[in-house]
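Reviewing the structure listed below.
Each reported figure results from applying straightforward, stated rules to the coordinates on display, with no laboratory input. Keep in mind that what you see is a predicted model, and the values were worked out from it rather than measured. No Cβ is skipped: glycine too gets one built from the backbone with ideal geometry, and neighbour counts run over all protein chains shown.
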Amino acid sequence: MKNKCLLLAPLVIVACGVQNNITFSTQTGNCADGTINAPYCMGVTIQNNSGGQNWITNTNFPINNLTLNVSGPSNVGYPTSQGSNLDPNNCLGSSISPGGSCTFYLWLQGESAAIGQKPAIGLTANYSINDTLFGGGSSSASASLTVFELPSLLISTSTGWVESYNVNNGFSSSANYHGESENVVNAYTNDNYYGFLYLAGNNGIYLSGNGNYVLNATNQSTSIKGASNLLINGQTLYAIPTGSLSTSVYSAGIQKESFSWQTYASGLTNAATNVSAINGSRIFVGQSNVPSVFVCLNPTGSSTTSCVAEGIPVPGASSLNVLAYSNLGTANGGQTALTGVVAGANNGLWVESGTVGMATNSWLPVYVSATTPIATSINKIVADNSLNLYIVDANSNFYVMTANGGNSATAKTNWTLPSGTSVAAMVYDNAGQTLYVTTSGGMIYGCSNLAGGGACTQVGQAALSPNVTGLSIVTSLSSW
């Protein structure tokens, strides 16, 4: 920075070491598109000398040529990296006068931090000070701000409560909140665009974000109430209602909290609650009365999406408990093509062979050795970012199916839970390489997938609310 001293008679004004009083303030949850309370977003306001012009302390000059540098996690979007979309007020191209301010935005691009961590994001604003009032030139300066990525485990309950667990609060009495007038939640999902958690209740579909924020996302013209399944792909939310609308899948874009539900596909019958999976635009839904699957897709040569039978019923099963999808490759030494659909039934774990959309597809058992199929009732299945599948059965035995691994699985004998523990929900922490599971009473355990990982260990204290049915990971931008 240049230092300049200017002497004028009869008044002496000293302008040595010019350094404007630049301050930052943050607006947690504010997005560049106007969405509020979104965990992935933060507004950042830079202010040039909040007191306005001050001739004595030399903080009276406009600033311009603003540039931003960000250090820390690579998933942070900011104006320099993402362009004008995150700088709607053109802070980088404007001059900020004394007393003036300008707001730009940070926006997470998905998840990157592990539960138990809180990585710092260093933001440096470099700018020019136009100190030319008395014939001087411009000088350069900078100001810095530190914010954080705060990953949280979110539990949701069958009675509409949501709680968060993180390194800042643990399970805090101020971190649980309830959907207004909502006492039943059938399904849940979360997006990787805003970081909202979506809850399907009897009175509508709700999205929850920072703090106690809960918004009814049900469009008044199409009442998506009592949805039995919720799925998300990119920025599109899919729901399967109950009642008179239960034969169709409905979709809505999630942008700017504006939900306009449209019929996506029709032809379903007896959709089971929370027995569904998604792969791109293809949605797989289990039936409640028979162990069979529907797929909702665009048939070849058709311009409409419909739901059709996907394979024969699972052999010997009386019910389907869970569906999942992965890129499984082939079975039987490369002789049998697999669709990627995985079914957890009351009689074990199965993969579908054939081509997606064919009613004649059949099912193959999943083996943990050449001759030992997994034949116990399957409880939950979740996938990681590589589409490896993590499975737990009714006896709390864990298995892993790797992508392109055919119809084989590996028993995770080192992952053990206290005797009598039943898993109510699971989620995989990709950054921390840990599978988190919770009981219906809200006790959470972490099962490390790192080399040398042993028994699953308890995480914090039990949640405040019982009847847990959902477990998610959502990171928020935090000022502390």
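Data overview
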read-out: Other-chain or far-sequence residues with amide H under 5 Å of V368's (modelled H); value: I374, A409
read-out: Ranked E352, E257, criterion: other C-beta atoms within 10 Å, fewest first; value: E257, E352
read-out: Three semi-axes of the equivalent ellipsoid, the chain, Cα gyration tensor, whole Å, largest first; value: 52, 24, 21
read-out: Space enclosed by the convex hull of the alpha-carbon atoms of the stretch 216-292, per residue, Å³; value: 85
read-out: Total charge dipole magnitude, the chain, about the Cα centre, Cβ charges on Lys, Arg, Asp, Glu only, Debye to nearest 20; value: 300
read-out: Area projected by the alpha carbon convex hull of the stretch 22-148, averaged over all directions, nm²; value: 8.1
read-out: Positive minus negative residues near T360 (Lys, Arg vs Asp, Glu; Cβ under 13 Å); value: -2
read-out: Computed over the stretch 150-478: relative contact order in percent, which uses C-alpha pairs under 8 Å that are six or more apart; value: 13
read-out: Charge dipole (the chain, unit charges on Cβ, about Cα centre) - positive-most of Y206, V459, I129; value: I129
read-out: Sum of -39500 (n - 2.57) over DSSP H runs of 4+, divided by residues of the chain (222 nm, nearest 500); value: 0 deg cm²/dmol
read-out: Volume per residue of the C-alpha convex hull in the stretch 290-403, rounded to whole Å³; value: 110
read-out: Packing-based exposure ordering (other Cβ within 10 Å, fewest first) of S306, S260, S422; value: S260, S422, S306
